[in-house]
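Comments concern the structure below.
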Amino acid sequence: MFVSEKAPAKINLTLDALCKRTDGYHELESIMTTIDLADRIDLFLRNDQKITLESSSGLVPHDEKNLAYRAALLLREKTGIRKGVHIRIYKHIPVAAGLAGGSSDAAATLRGCNRLWRLGLTDKELIELGAYIGSDVPFCVHAGTALAKGRGEILSTLPSPPLCWVVLAKPPISVPTADIFQRLKVDQIQDHPDTKKMVQAIHEGDYGTIAKNMANILEPITFELYPEVQKIKERIKKFGADGVLMSGSGPTVFALVKTDARAKRLVNSLRGFCRQVFAVRILGA
Ligand code: C5P
């Protein structure tokens, strides 16, 4: 018996930090949406209670360091189920890219094991479990579009942004999220994103305002440490896009464009500078 789950990547249309908490995490406000760039997770029932994992990518760990493995383990521990699973990950989302690939694999494993092991947990329960695995996992369980608050686990559903192309460029570096957050000085943030305006623009389906108001307070920190990320952003701006932003803590930079022709042109222009370039649709809902 086996089940298959899609694990889509996310982008942050806004990412803001309000304060540093006593537990070391930051109180966030971030609007996230899923895009049509996805891993596939196949889950095979094992009756021997073991959790095993294989992946099409040599870049992801095959043990507890893999968030999908941890998701299955957590679900087994919390429910006491005496079953196992073999997890097969077909990796398409770049690794350590700011696109929540690992978190989305974990979310898909929670959803999939819930079905495979017939646990009957609700989405709300899966979201709560997701928070134990990582700050982006609750959103990835929720999927679609949402405003995330708290550590990332307090979610308000938003409608899908208007249909458009998302062109992504990932420079060949990995950015450790914890390093970037550690350097963040919340009281020195000069321009906070206008989250309210973005929420309203999404409700109104106002593509122009969405594209113009994208902002991420982690950008200056990543740009200083990895100037090539800023260079990619500048290049995309020069080639022409309605909005350009770094996703999460980077290094992936994404651009919104409306027409097929402009998406194609942008991808072609970027190919010479960056090996990993994608053009995908917003999934959004
Ligand atoms: O929760 P997760 O392990 O994905 O977070 C990675 C790192 O990002 C944390 O170690 C922390 O440094 C930072 N972080 C934060 N505040 C959040 C979420 C993540 O400071 N709300």
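Only one of the numbered conditions (1) open to solvent by less than 70 Å² (accessible area, probe 1.4 Å); (2) more than 16 Å from the ligand (Cβ to nearest atom); (3) not in a loop (DSSP other than H, G, I, E, B) is violated by residue 155, and that is (2).
Among the residues of segment 212-265, those that are over 22 Å from residue 189 (Cα atoms), touching a helix residue (DSSP H, G or I) at 6+ places or on another chain (Cβ under 6 Å) and open to solvent by 50 Å² or more (accessible area, probe 1.4 Å) comprise 239, 242. Restricting segment 36-94 to residues that are in a loop (DSSP other than H, G, I, E, B) and of a type in the set (Lys, Arg) leaves a set whose member that is least open to solvent (accessible area, probe 1.4 Å) is 91.
Only one of 175, 166, 141 is part of a strand (DSSP E or B) and crowded, with 19+ Cβ neighbours inside 10 Å; which? Quick ask: steps written out before the conclusion?
Working: 175 fails: part of a strand (DSSP E or B); 141 fails: part of a strand (DSSP E or B).
When all the criteria are applied, what remains is 166.
In this structure, does residue 112 turn out to be within 12 Å of the ligand (Cβ to nearest atom) and either touching an Asp or Glu at 6+ places or on another chain (Cβ under 9 Å) or at pLDDT below 95 (or both)? Before the answer, list the steps.
Numbers: within 12 Å of the ligand (Cβ to nearest atom): no; either touching an Asp or Glu at 6+ places or on another chain (Cβ under 9 Å) or at pLDDT below 95 (or both): yes.
Against the criterion (within 12 Å of the ligand (Cβ to nearest atom) and either touching an Asp or Glu at 6+ places or on another chain (Cβ under 9 Å) or at pLDDT below 95 (or both)), residue 112 does not qualify.
Pick from segment 178-192 the residues that are within 15 Å of the ligand (Cβ to nearest atom) and assigned to a loop (DSSP other than H, G, I, E, B): which of them is most open to solvent (accessible area, probe 1.4 Å)? Checked segment 178-192; the qualifying residue most open to solvent (accessible area, probe 1.4 Å) is 183.
The values are calculated or read from the model by the stated rules, or taken from the named source; none is laboratory data. Predicted model only: the values in this text are computed from it and were never measured. Every residue, glycine as well, gets a Cβ built from its backbone with ideal geometry; the counts of neighbours run over all protein chains shown. For the accessible areas, the whole protein counts, side chains as well, though only heavy atoms, and no ligand, DNA or RNA atoms are used. Shrake-Rupley method; radii C 1.70, N 1.55, O 1.52, S 1.80 Å.
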